[in-house]
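Shown next, in structure tokens, is the structure this report addresses.
The values are calculated or read from the model by the stated rules, or taken from the named source; none is laboratory data. Note that the structure is predicted; figures quoted are calculated from it, not measured. No Cβ is skipped: glycine too gets one built from the backbone with ideal geometry, and neighbour counts run over all protein chains shown. For the accessible areas, the whole protein counts, side chains as well, though only heavy atoms, and no ligand, DNA or RNA atoms are used. Shrake-Rupley method; radii C 1.70, N 1.55, O 1.52, S 1.80 Å.
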Amino acid sequence: MDDGQPPLKLFEKKERIFPKRVWGKYRQIKWVAMVALLGIYYLAPFLRWDRGLHAPDQAILIDMSSSRAYFFFIEIWPQEVYYLTGILILAAIGLFLATSLFGRVWCGYACPQTVWTDLFVWVERIIQGDRAKRLKLYKSKWSFEKLWKLTLTHFLWIVIGMMTGGAWVFYFNDAPTLLEQIIHFDVPWSVLGWMVALTGSTYVMAGFAREQVCTYMCPYARFQSAMFDKDTLIIGYDTERGEARGKHKKGESWEGRGHCVDCTACVQVCPMGIDIRDGLQMECIACGLCIDACNDVMHKLELPPDLIRYDTTHMQATRKQGIETKLSIFRPRTFYYAAIIAIVGAGILYGLLTRSAAELHVLHDRNPLFVQLSDGRIRNGYDIKILNKTLEDRIYSLTIEGIEGAEIRMQGAGQQDATALPVFADSIGHFRAFVTASKEQQKRKEVYFKLTDEQGEIALTYESVFVSSKP
Ligand code: SF4
Ligand code: SF4
């Protein structure tokens, strides 16, 4: 139906953003953060840590083939996945605490999406020039200059993507060995698959999707406002001081007008393409680049800095009443987050410090529950698992308590003696055990398997049952 109105648009094409180069305090912090984080990411897999003959010497390694995770002196077994859960809780609550205190500091400075996008924009700027030149090139018709500049940009993006994907797989393999395999084009297909996938995702996310990842894809951007309160740091434009905005000629009076000269420098440097003068927006990642841009303008105009600044809604409100307040760090919310971090951190530390060098697991046979021998005694069967978490071979001794006169024997050639159970270093020993005892009055009775080692360092008990008649 033609009602004279323009057709409703359900999709609007996103304008490409070309952030302008900027200098200043926050830009410097971002450079330092980028170099430090990328340095850690690329170099960490090559750190060595001597664990002896039976374990890999890579300081940080997730070894899928032997189901172990190594982090310097810590070795996590699959049975100890609760440590990983604890670390994830610590990371999440640490992020909540940082957000509650400093707003979107993670998004602006440390998120991989931000760091790699920054790196890709830097490459783009080196080859194609600053914002005005990139915009011109983008809008220009195809020419030799456009072709070689775009080709080189995309080539370097793919190289960075390959390095990113390549570094990731080093965390799951012995890094020097894999590096040698990569150099000789002799990479296993499974590893190659991950490298290709991660190269592609880095290229697409940092080269094309960029700010749209933060705006539309990242769930954290959506729910972090729940951690904000009136004392959380945000990026604020001082409307009282800045408005009424307008162009300003040198020598003109500032009387009766605001300090914002409407130069749009703060908009041109914004990697999210927003105008912070419109108020705080969900897209703002609190990178502080608009502060640097505006402070530069203020400096040239010989006006005080911080027309745009890190602020809080509380400080903004009190400033309107002529009172300058300071950032409040100690608040109930931050106290609760810090308390959770301390409790979980202490739990992990306690667990690691008191961690046993072995584990014992006993599983009673379900079928048959028991067997009556020709002499009238009852025999129960058990699957025994002994985890030797040390880096040396050990001999363990298994005894049974809880039933008068009970005997324990191991099944299998050479394993009749339950006091000499060998388990290799850093591995699991599987055994079959039979416990024989005279018929008990009780149908089920608790029995206790006791594990000790030659060195006398291990003394573990596992409670199980001895069944002597049908339930
Ligand atoms: S508005 Fe400022 S702080 Fe927010 S994303 Fe843009 S440049 Fe960064
Ligand atoms: S950079 Fe500062 S002066 Fe320029 S438009 Fe932004 S707020 Fe106004």
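When nucleic acids and ligands are ignored and a 1.4 Å probe is applied, residue 135 ends up with an accessible area of around 50 Å². With θ taken as phi - 60° and the Karplus curve 6.51 cos²θ - 1.76 cosθ + 1.60 applied, the whole-hertz 3J(HN,Hα) list for segment 146-155 is 5, 5, 6, 5, 5, 4, 5, 4, 5, 4 Hz, x standing for glycine and proline. Scanning residues 5 or more positions from residue 232 or on other chains, those with amide H under 5 Å from its amide H are 313, with H placed 1.01 Å from N in the peptide plane. Roughly speaking, to the nearest percent, how much of the chain's 1.4 Å accessible area is carbon and sulfur? The C+S portion of the solvent-accessible surface of the chain is 63 percent.
Heavy atoms of the protein chains alone define the surface here; on that basis the chain has 58 Å² accessible area per residue at 1.4 Å probe size. Residues 290, 218, ordered by accessible area of protein heavy atoms at a 1.4 angstrom probe radius and largest first, appear as 218, 290.
The phi torsions of segment 277-282, fed into the Karplus equation with coefficients 6.51, -1.76 and 1.60 and a -60° offset, translate into couplings of 5, 7, x, 5, 10, 4 Hz, rounded to whole numbers, with Gly and Pro shown as x. With the convex hull drawn around the C-alpha atoms of segment 358-467, the volume per residue stands at 96 Å³.
In terms of distances greater than 31 angstrom between alpha carbons, the cross-link table entries 20/247; 230/250; 133/249; 25/136 yield 230/250.
Among 296-303, 97-104, 53-60, sorting by the average number of other beta carbon atoms lying within 10 angstrom of each residue, highest first, gives 97-104, 53-60, 296-303.
In the context of the full protein assembly, residue 162 retains an accessible surface of approximately 110 Å², using a probe radius of 1.4 Å and ignoring ligands and nucleic acids. If you plug the beta carbon distance of residue 54 and residue 346 into 1/(1 + (r/R0)^6) with R0 = 35 Å, you get a FRET efficiency near 0.65. Against the main long axis of the alpha-carbon atoms of the chain, helix 289-300 sits at an angle near 30°. Under 5 Å between amide hydrogens, built in the peptide plane, is the criterion, and for residue 427 it picks out 388 among residues at least 5 positions away or on other chains.
For residue 259, the amide hydrogen comes within under 5 Å of the amide hydrogens of 242, 243, counting only partners 5 or more places away or on other chains and with H modelled in the peptide plane. What Kirkwood radius, in Å to one decimal, follows from the Cα pairs of the chain? After inverting the mean inverse Cα-Cα distance, the result is 28.3 Å. Rounded to the nearest 20, the Cβ-based charge dipole of the chain about its Cα centre (Lys and Arg +1, Asp and Glu -1) stands at 1840 debye. The GluC sites (Glu not before Pro) found in segment 384-460 that occupy coil by DSSP, while having at most 15 further C-beta atoms within 10 Å, are 392, 404, 454, 457.
Our estimate of slack between residue 409 and residue 141, defined as 0.36 nm per intervening residue step minus the Cα-Cα distance, is 88.0 nm.
Only helices enter the 222 nm calculation for the chain: every DSSP H run of n ≥ 4 contributes -39,500 (n - 2.57), and dividing by all residues gives -12000 deg cm²/dmol, rounded to 500.
When 9, 250 are compared by accessible area at a 1.4 angstrom probe, the order from most to least is 250, 9. Each 10 Å bin from 0 upward holds the following percent of the Cα-Cα pairs of segment 111-194: 15, 36, 25, 18, 6. Within the straight-line cut-off of under 27 Å between alpha carbons, the lysines reachable from residue 443 are 385, 470, sequence neighbours fewer than 8 places apart in one chain being disregarded. How far is helix 81-102 tilted, in degrees, relative to the longest principal axis of the Cα atoms in the chain, given as a value from 0 to 90 rounded to the nearest 10? Computed tilt is about 20 degrees.
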